[in-house]
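Report on one structure; see the data block that follows.
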Amino acid sequence: MKIFKAQHAGFCFGVKNAVEMAEKNLPNYDNNIASWGPLIHNPPEVNRLTNLGIIPRENLDDINEKAILIRAHGVSPVIFKDLSIHNVDIIDCTCPFVSKVQNIAHDYGKKGYTILILGNKSHPEVIGILGWSNDKGIVFADLEELKKYDFKDQKLCLVSQTTQNIDLFIKVEDYLKNKYKEVIVFNTICSATRKRQEAAIQLANQVDLMIVVGGLNSANTQKLAQLCNETGCITKLIENADSLQSKWLCGIKNVGLTAGASTPDWIIKEVIKKMEEIKNENLGSKVDGGDNME
Ligand code: F3S
């Protein structure tokens with residue numbers, strides 16, 4: 001069995017930066033910092049960070065740490081305001097690509113544009129962007145949802161959640177430009193997502209089984225699994241090495257591996273190590289079987 005890793009897989013720049021900033025700042029606060037929600041969408045990595053002293057907090061009243069991390073997804077200005085009243089140091093780990101979308105929403109909202117945000121309403125990044133749009137934002141998940149609105153005589157500004165699909169974004173852009181007069185478009189899709197998706201599809205087309213590693217709560221990891229599955233390749237989504245089942249690898253010649261943008265290297269390495277172990281066990285049992293037959 002040969003194991004192939006996708007050309008682009010695992011931590012993206014923004015998530016890596018957030019984890020590094022968190023670990024760098026820990027000693028300055030007696031190894032005790034809060035994060036506004038889990039720092040990233042990867043439960044095993046969040047457990048590791050919690051053990052180091054980075055404690056996820058969801059409520060202002062629960063924060064008794066002296067500093068709080070804002071995660072790569074960013075937050076709305078209301079959260080910044082609440083946290084500053086709470087007298088806690090804010091360590092802003094918002095990914096610069098997300099800040100860019102927030103700034104566009106803020107600037108064009110102030111200029112009177114309706115901010116159309118292509119994304120998932122319940123995703124923290126989208127909730128944050130909406131918060132920056134001066135009450136001028138509308139979130140929609142797809143073209144069907146967008147078509148329910150009538151924006152006659154409004155100035156429109158289109159942005160996207162950074163992890164959205166580019167094909168859908170282009171369809172939305174075409175629709176808006178054909179239907180409305182004043183439309184300004186910012187393609188705010190992050191290339192990290194596109195690169196991971198393209199590399200995963202390419203690999204899925206060449207192997208017998210794809211293993212996608214990442215948080216089950218991570219949208220970009222789920223998307224990778226969906227895209228691999230759509231190629232027709234058998235696809236398994238796992239959070240860590242413990243979930244890898246040896247029976248999946250039975251009779252498989254080529255197995256591919258990819259990982260979401262919030263999956264750390266140490267989890268990817270553990271999964272590869274376990275695959276190697278299973279491969280060696282299978283080889284061993286074949287040799288044993290041969291010996292017995294003789
Ligand atoms: Fe930032 Fe792109 Fe990652 S927006 S958090 S580098 S997926």
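The values are calculated or read from the model by the stated rules, or taken from the named source; none is laboratory data. Since the model is a prediction, treat every value here as computed from it, not as a measurement. We place every Cβ from the backbone using ideal geometry, glycine too, and count neighbours over all the protein chains shown.
Tabulated results
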quantity: Qualifying residue in the stretch 79-94 (condition: more than 16 Å from the ligand (Cβ to nearest atom), outside any loop (DSSP other than H, G, I, E, B) and in contact with a Gly (Cβ under 9 Å, 6 or more places away or on another chain)); calculated: yes
quantity: Among residues of the stretch 141-191, those that are in a helix (DSSP H, G or I), under 28 Å from the mean Cα position of the chain (by Cα) and not hydrophobic (A, V, I, L, M, F, W, C), counted; calculated: 9
quantity: Test: residue in the stretch 197-205 that is among the small types (G, A, S) and within 16 Å of the ligand (Cβ to nearest atom); calculated: yes
quantity: K111 charged (D, E, K, R) and out of contact with any Cys (no Cβ under 9 Å at 6 or more places or on another chain); calculated: no
quantity: Residues that are at positive phi and either polar (S, T, N, Q) or modelled with pLDDT under 95 (or both), drawn from the stretch 88-146; calculated: N134, D135
quantity: Residue, surrounded by the most Cβ atoms within 10 Å (Cβ to Cβ), within the stretch 115-164, restricted to residues that are within 16 Å of the ligand (Cβ to nearest atom) and either of a type in the set (S, T, Y) or free of Cβ contacts under 8 Å to residues at least 12 places away in the same chain (or both); calculated: T162
quantity: Strands (runs of 3 or more DSSP E) wholly inside the stretch 1-57 containing at least 1 residues that are in contact with a Ser or Thr (Cβ under 7 Å, 6 or more places away or on another chain) and at pLDDT 95 or above; calculated: 54-57
